[in-house]
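Structure, as C-alpha cells:
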Amino acid sequence: MSNEWIDPKRRELLEWLCDPGRRLGIDRAVAAYTAAKEGALGRLPEMEEMRKEVRKIKEGSISRMDELVRQTVDSIADVKGTPYLARDAAEARRIFCSIVGTGKLVVKSKSLTSEEIHLNSALEDAGNVVYETDLGEFIIQLRKEKPTHIINPSVHVPREDVARTFSKLLGRDVESDIPSLVGVARAFLRDKFCNADVGITGANVVSAKTGTLFIIENEGNARFVSNAPPVHIAITGIEKLVPTLSDAFKVVQTLPPYASGVLISAYVSLVTGPSKTADIEKTIVYGAHGPKELHVVLLDNGRTEMAKDPILREALYCLRCGGCLYECPVYRVVGGSFGDNYFGGIGLVWSAFTGDECAVAVAIDACTKCGRCKEVCPLEIDVPKMVEHLKSNLASRGYVSKKHAEMSENIMRKGNPFGIYERRQ
Amino acid sequence: MAMAGKILYWRGCMSRLKMKGIADSTEALLGLLGANYDTLGGGEGCCGSVLLRTGQQDAARSIAILNTEKISSLGYSDVVTSCPGCFKTMSSEYPIIIGRAPFNVTHISQFLYRRRAEMAGHLHPIRARVVYHDPCHLGRHMGVYEEPRALIRMVPDVELVEFKYNRSKALCCGAGGGVRSAFPEIAVEVARMITGAPLKATGASIIVTSCPFCNFNLKEAGGVDVIDLPEFLLRSWRGSE
Ligand code: SF4
C-alpha cells in the first residue's frame, strides 16, 4: 500500500501542533478542568464506590443491549412517544428529515451523536435553518468548524477569537471578556428557542424500563430546546440504555465531576413522553406547555458490531465524560485532530466504527499508549489495550506507515529498528 | 546448564546503539557490583516491542520466538533490561506468545534495588535537586514506581522531589508507541509539556529516568540535564562531582 492515505490527516495533525491559538485555548481549559475535577473528587469520596457500580451497570447493559433496545422502544411507545431504531447514519438522517420536513426553524442542544450522523447538513440540505444553542457548539457552527472536544466542542477557540466571530455575526465590535461573550449568545438565541418548530437534543443516559431520557447540561439551553418547540426529537446511541431509573441516576451522579469538575450539573432534565394534561374532564391532551410530539431515535451505527468484539466492546461503556481527553498528553498538543468524529484514544475506537477509517489509521500513530487515560477514567476503561488491538487490526488491513514498515524490515534484517549495521560477535 | 548462575544483561536497541552511555554505565555499575553477567554483544537483536506497539503482530511473534530460542539455548534463566519496553515485552508479552514464561525478566531498577546493600557504602554525595520521571512502560504498565526512587534517595545529599503528576498519574514523555518514528514533531512537543512548566515548578536541575526512550526524548525537548538511573548511581559511586 502506498502512503498517500497518510498525507491529508498528517497535515491536519501538524497544523494543530503548530497553531499557538488553539494550544492556548486547550491549555487554559486543561488548567481549569483539572483544578475543578480534583476539587470535586476531593469532596466526593463516595465516588470510588459509585464509579465501580456504574462500571457493572454498563457491563450488564452492553451484554444485553438488544433486549434493552426492545424494552426502550416499548416503554417510549407506552408513554405516547414515537421510538425509532436507526441501523446506520443514513437511516437516522432519513428519519430526522421525514419528521422535520422542510422550511422549519430547528434549535439543537449539544449532541455528539447528532454530529456522528452529520445531522445538521442533512437538515439544512432539506431546506431548514438549524441553530446550535450550546455556547461551544454555537461558536463552532458560526466558525464553520467541527467540534474538537466531546464536552467542550470549542475548547480550542480562545476568547479573543470568539469575540472576532461574534463581531462578525452582529456587525459590530464585541468585547473579548468572557461574560459579555456569553451575553451575546444569550441575547441572540433567546427568541430562536420560542419560535423554533423543532427542538433536537441528545440524551446522556436512558432508562429502558420507563423510557426516560436523561439530559445533563449546565447552560439551560437543552431545557429550552426540549421544552419550548412543539416537537422534540432526541437522538441517542443504543449504548446509553441502562435497565432502570436508579441505574440511570448513578450514571448521572458519576458524569458531572469527571465531565466538568462539578458535584452535579446545573440541570438534569428527565423526559418521559410528550407533554400532557388531563385537567379538563380527565381527558388527556398532548402538548400542554411542552412539546406535543416526542420522537426518540435510537442509533446503532456500528454499536452492535462493536459489542461483538471481545476487546473493543469496552468502548461502549464510555460515558463520554471527556475527562481522558483533558488528561491526554497528545490531545494537549494536537487537540481535535487526534481522532476523527470522536477524539483521543477512546475516540479512535469510536471513530473506527462510526467515522473515517483512514483518518483513524493515521491519528492512531500519534498515540503513545501511555495509559494515562485508563488511569483517570471513572470506569477504568482500558483504552491503550483497545488502541493497540485496533492498531493491529488496521495494520493487518495494510495501514502501516512507511516509517513503521521500515522499522520492521530493519529489525528483521539488521536486528534493530534503526537499520544500523552491527558486527556479530 | 552452563549459564545457569549468570544473568543476561539485555541492553536493548536504544541503549546499545543510540544512547550508548546508558548501556556502558550500566555495565560499569554491574562490574563494580561484581555481578556475574553477560551481554549478547552484536548478536542481541530487538525485543520486538516496537513491532507490538505498531500493530505488526506477525513480525513481533517471530522475533519473540527467535529471542526465546536464542536466550534459552544459551542457558540463561535471568534477563535484566535497561529498557522498560523490553522489560514489559519480554516479561508480560512473550509468555502470551510463547505459551509459557521462558525466563525471569527484571528491570535494571529492580535488580539494583535488590543489591542496594552492596552499593550503600560506595555512594558519594551529589548535591543536587533531582526529579524522577516515571516511564509509562515501567510505571503505569508494570507497576514499578518505588525502586528507582529508593535508589536515588540512597545517594547522599540528593534532594529528590516529585512532579505534581507522578507515579500512576505521571505525564508521558511522548516517545512511546511508535510516535517518535511516526511523528517526531508531536513526540518532542509532548516532552516539552514536561520540561516546561511542570519541571520549573519542581525547581529540579536534573531529571533522572530509567528508560532510554524517555531519556532521548526529554533531551530532544532540551534545556535540562537528563540522566538514566544507573548512570546517576555510577556518577555517585565514582564520586566525579
Ligand atoms: S473513556 Fe472514560 S474518561 Fe474517557 S470519555 Fe469515556 S468514560 Fe470518560
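The values are calculated or read from the model by the stated rules, or taken from the named source; none is laboratory data. Everything numeric in this text was worked out from a predicted model, so none of it was measured. Heads up, the Cβs are rebuilt from the backbone with ideal geometry, glycines too, and the neighbour counts pull from every protein chain shown.
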Margin query: Filter segment B:34-46 down to the residues that are within 14 Å of another protein chain (Cβ to nearest Cβ) and of a type outside the set (A, V, I, L, M) and list them by number.
Written below: B:D38, B:T39, B:G41, B:G42, B:G43, B:E44, B:G45, B:C46
Notebook entry, point to check: Yes or no: A:K168 surrounded by fewer than 24 Cβ atoms within 10 Å (Cβ to Cβ), over 18 Å from A:I235 (Cα atoms) and touching a strand residue (DSSP E or B) at 6+ places or on another chain (Cβ under 8 Å)?
Noted result: no
Notebook entry, point to check: Only one residue in A:K403, A:K385, A:K391 is touching a residue at least 24 places away in the same chain (Cβ under 8 Å), basic (K, R) and out of contact with any Cys (no Cβ under 9 Å at 6 or more places or on another chain). Which one?
Noted result: A:K385
Next item on the list: Working only within segment A:102-142, note down all residues that are more than 17 Å from the chain's Cα centre (by Cα) and either part of a helix (DSSP H, G or I) or at pLDDT below 95 (or both).
Entry: A:S121, A:A122, A:L123, A:E124, A:D125, A:L142
Note to self: List pairs: first residue in segment B:36-60 and over 18 Å from A:S408 (Cβ atoms), second residue part of a helix (DSSP H, G or I) and basic (K, R) anywhere in the structure, Cβ distance under 9 angstrom, at least six positions apart or on different chains.
What the structure shows: B:T39/B:R16; B:L40/B:K70; B:G42/B:R16; B:G43/B:K70
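Do the conditions hold for A:P158, that is, is it in contact with a Leu (Cβ under 7 Å, 6 or more places away or on another chain) and buried (at least 24 other Cβ atoms within 10 Å of the Cβ)?
Against the criterion (in contact with a Leu (Cβ under 7 Å, 6 or more places away or on another chain) and buried (at least 24 other Cβ atoms within 10 Å of the Cβ)), A:P158 does not qualify.
For segment A:368-415, which positions are among the hydroxyl-bearing types (S, T, Y) and facing chain B (nearest Cβ under 7 Å)? Show your work before the answer.
Here is the first cut: in segment A:368-415, the residues among the hydroxyl-bearing types (S, T, Y) are A:368, A:392, A:396, A:399, A:401, A:408.
Passing the criteria: A:T368, A:S392, A:S401, A:S408.
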Next item on the list: Please work out if B:P135 is farther than 27 Å from A:R28 by Cβ and within 11 Å of another protein chain (Cβ to nearest Cβ).
Entry: yes
Next item on the list: State which residue is nearest to A:C373 (Cα to Cα) when the search covers only segment A:322-336 and only residues that are among the aliphatic types (A, V, I, L, M) and more than 13 Å from the ligand (Cβ to nearest atom).
Entry: A:V330
Check: Residue check, A:F418 against (1) surrounded by fewer than 21 Cβ atoms within 10 Å (Cβ to Cβ); (2) more than 8 Å from chain B (Cβ to nearest Cβ), all met but one. Which one?
Finding: (2)
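Identify, please: which residue in segment B:14-33 is in contact (Cβ under 8 Å) with a residue 40 or more places away in the chain and not aliphatic (A, V, I, L, M) and is, among those, farthest from the other protein chains (Cβ to nearest Cβ)?
Keep residues of segment B:14-33 that are in contact (Cβ under 8 Å) with a residue 40 or more places away in the chain, which gives B:14-15, B:18-19, B:21-23, B:25-26, B:28-29, B:32-33.
Narrowing further to those that are not aliphatic (A, V, I, L, M): B:15, B:18, B:21, B:25-26.
Details: B:S15: 11, B:K18: 7, B:G21: 16, B:S25: 20, B:T26: 18 Å.
Top of the filtered list is B:S25.
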Checklist line | Among (1) over 15 Å from A:V349 (Cα atoms); (2) part of a helix (DSSP H, G or I); (3) of a type outside the set (F, W, Y) - the single one A:V400 does not satisfy | finding: (2)
Check: In segment A:206-246, which residues are among the acidic types (D, E) and away from the ligand (no atom under 16 Å from the Cβ)?
Finding: A:E217, A:E219
Notebook entry, point to check: Do we have any residue at all in segment A:337-347 that's within 27 Å of A:R94 (Cα to Cα), in contact with a strand residue (DSSP E or B) (Cβ under 8 Å, 6 or more places away or on another chain), modelled with pLDDT of 95 or more and more than 12 Å from the ligand (Cβ to nearest atom)?
Noted result: no
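Name the one entry in A:A31, A:A36, A:A89, A:A40 that is crowded, with 17+ Cβ neighbours inside 10 Å and under 28 Å from B:Y165 (Cα atoms).
Working: A:A31 fails: crowded, with 17+ Cβ neighbours inside 10 Å; A:A36 fails: crowded, with 17+ Cβ neighbours inside 10 Å; A:A89 fails: under 28 Å from B:Y165 (Cα atoms).
One residue alone meets the criteria, A:A40.
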Margin query: Of all residues being more than 13 Å from the ligand (Cβ to nearest atom) and of a type in the set (A, V, I, L, M, F, W, C) in segment A:289-321, which is nearest to the other protein chains (Cβ to nearest Cβ)? Just the residue, please.
Written below: A:I311
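Please state which one of A:A361, A:A352 is part of a helix (DSSP H, G or I), away from every other protein chain (no Cβ under 11 Å), modelled with pLDDT of 95 or more and more than 14 Å from the ligand (Cβ to nearest atom). Outline the logic, then answer.
Working: A:A361 fails: away from every other protein chain (no Cβ under 11 Å).
Just one listed residue meets the conditions, A:A352.
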Check: Among the numbered criteria (1) surrounded by fewer than 21 Cβ atoms within 10 Å (Cβ to Cβ); (2) more than 16 Å from the ligand (Cβ to nearest atom), which single criterion is violated by A:E380?
Finding: (2)
Notebook entry, point to check: From the residues in segment B:162-183 that are under 15 Å from A:T34 (Cα atoms) and among the basic types (K, R), which one is farthest from the other protein chains (Cβ to nearest Cβ)?
Noted result: B:K164
Note to self: Criterion first (of a type outside the set (D, E, K, R) and in contact with a strand residue (DSSP E or B) (Cβ under 8 Å, 6 or more places away or on another chain)) does A:V184 satisfy it?
What the structure shows: no
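From the list A:L299, A:L316, A:L312, which residue is assigned by TED's automatic domain parsing to the domain that holds A:E145 and in contact (Cβ under 8 Å) with a residue 60 or more places away in the chain? Spell out the reasoning first.
Numbers: A:L316 fails: assigned by TED's automatic domain parsing to the domain that holds A:E145; A:L312 fails: assigned by TED's automatic domain parsing to the domain that holds A:E145.
On inspection, the qualifying residue turns out to be A:L299.
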Next item on the list: Restricting attention to segment A:43-69, report how many residues are loosely packed, with under 13 Cβ neighbours inside 10 Å and within 17 Å of A:G211 (Cβ to Cβ).
Entry: 1
